[in-house]
Amino acid sequence: VVPPVSRPLEDLKVRLAELVDLGRIAVLLQWDQQTKMPPRGSGSRADQRATLGRISHERFVSVEVGRLLEAAEAQPPEEGSDDAELLRLTRRHWEKARRVPTELRVEITRAASLAIPAWTEARERSDYPLLLPHLEQGLELRQRYVECFDGYDEPYDVLLDDFEEGLRTARAREVLGQLRDLLRPLIAALAERADAVDASVLHGRYPAGAQRAFVERLLTGIGFNRDSWRLDVTAHPFASHTGHGDARITTRWDESYLGSGLFAALHEFGHGLYDDGVDPALERTPLGDVTASMALHESQSRLWENVVGRSRSFWCHWYGALRETFPEQLGGTDAEGFYRAVNQVRPSLIRVEADEATYSLHIVLRFELEQELLEGRLSLADLPEAWNAGMLEYLGVEVPDDASGVLQDIHWASGAFGYFPTYALGNVVAGQVWARARGELPDLDEQLAAGDTATLRAWLCNALYRDGRRRPPAKTIERVCGGPMDPKPFVDYLAGKLGEIYGLNGAG
Ligand code: ZN
């Protein structure tokens with residue numbers, strides 16, 4: 001009998017490939033739940049998802065994986081190689097996963113599943129006290145989660161790390177503080193000239209079927225391929241990645257507003273493109289999973305939704321087809337008028353409906369409140385008051401009730417503290433990526449105006465998507481953007497576009 005050759009790294013890869021498969025099956029169950037499943041299936045689906053989650057977790061934190069990891073580390077692969085990064089990442093995840101006791105994980109999941117229906121009801125009735133005990137429990141569980149770790153500078157670091165690997169709160173505070181201070185004077189200047197843009201053309205009768213027909217035509221024109229993509233309708237749009245050649249995105253149609261489904265579809269398309277662009281060689285390895293940096297992921301959804309999707313050159317090409325779809329509704333508006341309408345800036349109550357300029361301030365407020373809550377500087381009972389004061393200070397908006405204030409988002413009810421900042425960091429990174437792309441593709445505007453997005457897609461794929469998770473997020477950002485996170489390119493881009501549209505500095 002020949003003894004088995006010791007190949008710990010290869011054995012570890014087999015294990016990790018199975019875990020990637022299990023993770024994607026979980027994504028598929030979730031996708032099905034939100035797009036196809038009859039509502040009464042939710043009980044058995046919750047059991048199935050919990051079972052799958054438990055099996056994945058147990059298989060990963062097992063002693064066997066620890067042994068393989070240790071043996072593989074004893075024969076270190078070449079520094080900088082994919083194998084070296086795979087080991088670094090797996091070690092990091094394994095240590096992190098083992099620190100949280102199973103009972104606490106179960107409690108966090110259970111508390112969230114009870115808090116979500118309470119949040120739905122509280123929001124419907126605008127009844128914050130109804131949700132309050134759930135938030136208190138959720139926050140307490142998060143504080144216990146933080147206590148499982150050490151080596152952080154402040155408690156929020158632990159939560160942030162789950163969504164933005166390696167980013168410290170102090171650094172996020174610095175970047176988002178600069179972003180806030182750069183945006184506020186721009187938004188104030190635009191508010192003085194609010195009448196300069198009329199967006200009424202977006203409101204009217206826009207049947208869902210026709211919206212869908214146009215969006216399918218548009219997506220197909222910019223890279224959506226029926227052999228590897230799907231578009232479905234859900235209450236909350238999202239993108240799911242279930243494997244190479246299988247990108248699923250969703251949107252929702254608002255028949256009285258053209259600005260909703262179209263831009264949600266472009267947003268999710270950006271997410272799908274990033275997942276789909278990862279090197280197939282990284283398939284079924286942890287290096288193929290690009291969700292380690294939600295800021296990078298969000299930079300791509302925002303790039304396609306806003307930077308490309310609200311650009312003059314993009315609509316220069318696509319407006320003709322849109323007007324063909326809606327000849328009556330858009331008959332009196334030309335491409336320039338439509339371009340101006342989709343770039344209207346108006347401080348408002350609801351984050352998901354916010355425009356490109358004010359959106360980040362909604363996030364900065366949430367980020368600041370989350371830190372105060374976690375450190376006990378603000379009590380949950382006082383949160384609505386602090387929320388309303390913040391909205392008034394940052395956006396000049398009076399919050400009439402908690403439903404359109406502190407109760408609007410599901411994140412805190414579901415226990416996701418630490419997620420919000422990645423949305424605004426996504427804007428920041430999108431600005432940097434765009435500045436770089438423009439520098440390297442001097443004909444970008446002409447290409448977009450001619451309906452060519454292939455050159456931009458190829459550039460993005462080569463600069464960012466293809467490499468998956470071959471480097472830690474901060475290194476990827478430095479490599480793609482030419483430096484660390486910096487809000488200035490994003491604000492410069494906004495000030496340039498909006499300044500012209502609104503006629504600031506005498507232009508336009
Ligand atoms: Zn997104």
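The table that follows gives values for the structure above.
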{"item": "Label point distance in nm, Ala381-Ile410, each placed 7 Å from Cα along Cα→Cβ", "result": "3.0 nm"}
{"item": "Among beta bridges that DSSP assigns inside the chain, antiparallel share in %, nearest 5", "result": "50 percent"}
{"item": "Cleavage-rule hits (trypsin sites (Lys or Arg not before Pro)) in the stretch 25-117: DSSP loop, at most 15 neighbouring Cβ within 10 angstrom", "result": "Lys36"}
{"item": "Efficiency of FRET from Cβ geometry, Ile25 and Arg252, R₀ 30 Å, rounded to 0.05", "result": "0.70"}
{"item": "Three-way shape label, the stretch 360-399, alpha-carbon gyration tensor, a/c 1.5", "result": "oblate"}
{"item": "From phi via Karplus (6.51, -1.76, 1.60), per-residue ³J(HN,Hα) for the stretch 258-270 in Hz, x at Gly/Pro", "result": "6, x, 8, x, 4, 6, 5, 5, 5, 4, 5, 4, x"}
{"item": "For Asp232, distant residues with modelled amide H under 5 Å away", "result": "Ile249, Thr250, Thr251"}
{"item": "In the chain, lysine pairs closer than 25 Å at Cα, eight or more apart or cross-chain", "result": "5"}
{"item": "Net lengthening on full extension, Glu154/Arg54 (0.36 nm per residue, minus Cα-Cα)", "result": "33.0 nm"}
{"item": "Centroid-to-centroid separation of the stretch 407-440 and the stretch 78-135 [C-alpha atoms, Å]", "result": "19 Å"}
{"item": "With DNA, RNA and ligands ignored, accessible area of Glu107 (1.4 Å probe; Å², nearest 10)", "result": "60 Å²"}
{"item": "The stretch 89-196 shape via C-alpha gyration tensor axes, a/c threshold 1.5", "result": "oblate"}
{"item": "Paired Rg and Dmax values of the chain, which use every Cα atom, in angstrom", "result": "23.4, 86"}
{"item": "Gain in span if fully extended, Ala196 to Asp334, counting 0.36 nm per residue against the direct Cα distance", "result": "48.1 nm"}
{"item": "Share of carbon and sulfur in the accessible heavy-atom surface of the chain [1.4 Å probe, %]", "result": "51 percent"}
{"item": "Loop-resident sites, the stretch 222-286, for trypsin sites (Lys or Arg not before Pro), counting at most 13 other Cβ within 10 Å (DSSP)", "result": "Arg226"}
{"item": "Shape call, the stretch 429-508: gyration tensor on alpha carbons, a/c limit 1.5", "result": "oblate"}
{"item": "Solvent exposure ordering (accessible area, 1.4 Å, most first) of Lys488, Lys475", "result": "Lys475, Lys488"}
{"item": "Peptide ranges 150-161, 427-438 listed from the most packed, as the mean C-beta count within 10 angstrom indicates", "result": "427-438, 150-161"}
{"item": "Largest-first principal axis extents of the Cα set of the stretch 309-400 (Å)", "result": "56, 24, 19"}
{"item": "Accessible area per residue, Å², the chain with all protein chains present, probe 1.4 Å", "result": "44 Å²"}
{"item": "Neighbour cut-off at most 12 other Cβ (10 Å), DSSP loop, trypsin sites (Lys or Arg not before Pro), the stretch 331-397", "result": "Arg377"}
{"item": "Sites Ala235 and Arg205 - FRET efficiency at Förster radius 25 Å, r taken between beta-carbons, to 0.05", "result": "0.70"}
{"item": "Span from the the stretch 279-294 Cα centroid across to the the stretch 211-260 one, whole angstrom", "result": "22 Å"}
{"item": "Vicinal HN-Hα couplings computed from phi for the stretch 130-143 (Karplus, 6.51 cos²θ - 1.76 cosθ + 1.60; Hz; Gly/Pro x)", "result": "5, 8, 3, x, 5, 5, 4, 5, x, 5, 4, 5, 5, 5"}
{"item": "Angle in degrees between helix 82-99 and the longest Cα principal axis of the chain, rounded to the nearest 10", "result": "80 degrees"}
{"item": "Centroid-to-centroid separation of the stretch 357-398 and the stretch 1-64 [C-alpha atoms, Å]", "result": "38 Å"}
{"item": "Set of the stretch 156-194 residues, backbone N closer than 19 Å to the point 7 Å along the Cα-Cβ line of Glu393", "result": "170, 172-188"}
{"item": "FRET efficiency, Arg7 to Leu114 (Cβ-Cβ, R0 41 Å, nearest 0.05)", "result": "0.35"}
{"item": "Burial ranking of peptide ranges 381-389, 462-470 (average Cβ count within 10 Å, highest at the top)", "result": "462-470, 381-389"}
{"item": "Distance (nanometres) between label positions extended 7 Å along Cα→Cβ at Arg15 and Glu147", "result": "3.0 nm"}
{"item": "Along each principal axis, Cα extent of the stretch 47-152, largest first, Å", "result": "60, 33, 23"}
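The values are calculated or read from the model by the stated rules, or taken from the named source; none is laboratory data. Just so we're clear, the structure is a prediction, and the values are computed from it rather than from any experiment. When we count neighbours, we look across all protein chains shown, and the Cβ atoms used for this are built from the backbone with ideal geometry, even at glycine. Calculation scope for accessible area: heavy atoms of the full protein, side chains included, ligands and nucleic acids excluded. Shrake-Rupley method; radii C 1.70, N 1.55, O 1.52, S 1.80 Å.
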